1. Report the full-extension gain for the segment residue 36 to residue 111: residue separation times 0.36 nm, less the Cα-Cα distance, to one decimal in nm.
2. With each label point set 7 Å from Cα along the Cα-Cβ vector, what nm distance links residue 209 and residue 92?
3. Using a Förster radius of 25 Å, what is the FRET efficiency between residue 138 and residue 219 based on their Cβ-Cβ separation? Nearest 0.05, please.
4. Note the full-extension length gain between residue 192 and residue 17 as 0.36 nm times their separation in residues minus their Cα-Cα distance, in nm to one decimal.
5. Per the Kirkwood definition applied to all pairs of different Cα atoms, how many angstroms is the hydrodynamic radius of the chain?
6. For n ≥ 4 DSSP H runs only, could you compute -39500 (n - 2.57) per run for the chain, divide by its residues and tell me the 222 nm figure to the nearest 500?
7. If you take every DSSP beta bridge fully contained in the chain, what fraction is antiparallel? Give it as a percent rounded to 5.
8. In the range 1-45, which residues have a backbone nitrogen under 17 Å from the label point lying 7 Å from residue 129's Cα in the Cα-to-Cβ direction?
């Protein structure tokens, strides 16, 4: 079984029925036929092998990015322009995806980048509250509700045969704190490197974007498998 098989089986077998607290809604893209088609093409194109990869854990998918494509830190526009995957998904642009696209290009392009790394998220699907993106850790009740699924999901991904035990968190603060706490409980990871969240860079440090791209490259080159 290739890594592509492992990834697709993971996403396509996720439970679909949830009732989170505090009027939080779930964005579940993996039952959308077009999203599934795009995911099949993407993962077969870049991960249909058994080569080792390093996992990069974001927070949870956003409504304009992976909440549409099903693929971490992509959006429907960039996945068509940069990965050659034409799609009929609503053509929305996502800030985090735009920054990561620049990192991928600076690293050597999609073929080179995805040969070394796999994006994931701590919570596999997106959340909304009052029509806006919501993070799994934004209130204690939501985190407690989803934590069993989060723990199970991380465990399953870390059990993929080609995934190494060194990871990076894409997002400091609460995302890092959650991964560190779960790691103390379950011993998922050998080490956790830290990458600033792309949306934070694009919103608050855009003038210094090139510096943060270089920081990404430094960390990625340090933790890649080969």
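Since every read-out is calculated from the coordinates, none of them should be taken as a lab result. The shown structure was predicted, so the numbers you read here are calculated from the model rather than taken from an experiment. Please note: Cβ atoms are built from the backbone with ideal geometry, for glycine as well, and neighbour counts cover all protein chains shown.
1. Between residue 36 and residue 111, full extension yields an extra 24.9 nm.
2. Using points 7 Å along Cα→Cβ, the separation is 2.0 nm.
3. 0.45
4. 59.9 nm
5. In the chain this quantity evaluates to 17.6 Å.
6. Calculated mean residue ellipticity at 222 nm is -14500 deg cm²/dmol.
7. 30 percent
8. 19-27
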